[in-house]
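**Q** Once you've had a glance at the structure underneath, I'll fire off some questions.
Throughout, read-outs are computed from the coordinates displayed, never taken from laboratory work. Just so we're clear, the structure is a prediction, and the values are computed from it rather than from any experiment. Using ideal geometry, Cβ is built from the backbone for each residue, glycine included, and neighbour counts are taken over all protein chains shown.
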Amino acid sequence: MRKEIDLSMFTRKSVLAAASAIVVLAFAGCTSSGIGNAISGATGGKGDLRAMDAAPAAPGPLSMLVANTTINSNLTASTPVGVYALVGAGNQNIQISPTNVPTQTQSIAASTFYTMVLAGEPGQADYAMYLLEDTNSSPSASTVRFKVNDAAPAPGPIDVYVYQGAQPATPTVPGLTVGKDSGSIANAPGNAYIPTLGSATVLPSGSYTITVTPAGTPGTILFTGSANLTTGNSYSYTVEDVSSGSPSAAQVILAIDQPAQVSNQASLMSASRLP
């Protein structure tokens, strides 16, 4: 005996399958739209990337492009710190314009924050970009947190002291070299922020001084300055070359890293003294 096929059930199943396929396609479209995974070379997930102009003599305003898509713009010597923007994880082509610094291909990890720093002097061999990883940047309501970046090629290795009161005998971040930060040196004091989350160290709100010297030469001051830091924020100090008249001196850009800011930042340094 031949069994009859229930065409009504077949039709309902077909409709449900088709609807499910449409939903899947719709969600797939959402996750790959915009600047995130749609950027060429993305392999899944998203990281956060911003630019910093630590080359005061660079002609501007500057923009940063990832896979020919602008993610930061209008960076100047007065507002040198860009805004974190989502980019697809994987190998990405990163360019800062207008400069003659070559485009870099860098690996971006998902759920990770980065700063691409332009450093040095236009026309010089040290004019370059460096990708720094802003790891462990979450703010804490109970303590000030900070990291230190070296974007100053001219002085060579530097010691950096960050403190309240009298300058300590031991550098907070010793022997820092250009393109490195407080999380990438040997025996790093943080990863990359100080203090590390979960440690017993608590840094209160208040005025902090930063002093920069050549490595191993505490009596030679390249820069010293002070600014107020507040609990609940994570900061970055970025050491840069001074562009006019003092090739061995330095300047410092102080920025809020977390909570993430919604517009380009000026340096928070309130006072400074150069040699």
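**Q** To the nearest Å, what is the center-to-center distance of segment 144-203 and segment 55-80, using C-alpha atoms only?
**A** Their Cα centres are 26 Å away from one another.
**Q** If you build the Cα gyration tensor of segment 136-275 and take the root of 5 times each eigenvalue, what three semi-axes come out, in whole angstrom, biggest first? Don't skip to the end; give the middle numbers.
**A** Values: eigenvalues 103, 54, 41 Å².
Gyration-tensor ellipsoid for segment 136-275: 23, 16, 14 Å.
**Q** Also: Net charge near Ala58: determine it from the other residues with C-beta under 12 Å of the C-beta of Ala58, scoring Lys and Arg +1 and Asp and Glu -1. Kindly include the intermediate steps, with their values, before the conclusion.
**A** On the way: positive: none; negative: Asp53, Glu121, Glu240, Asp241.
Neighbour charge sum, excluding Ala58 itself: -4.
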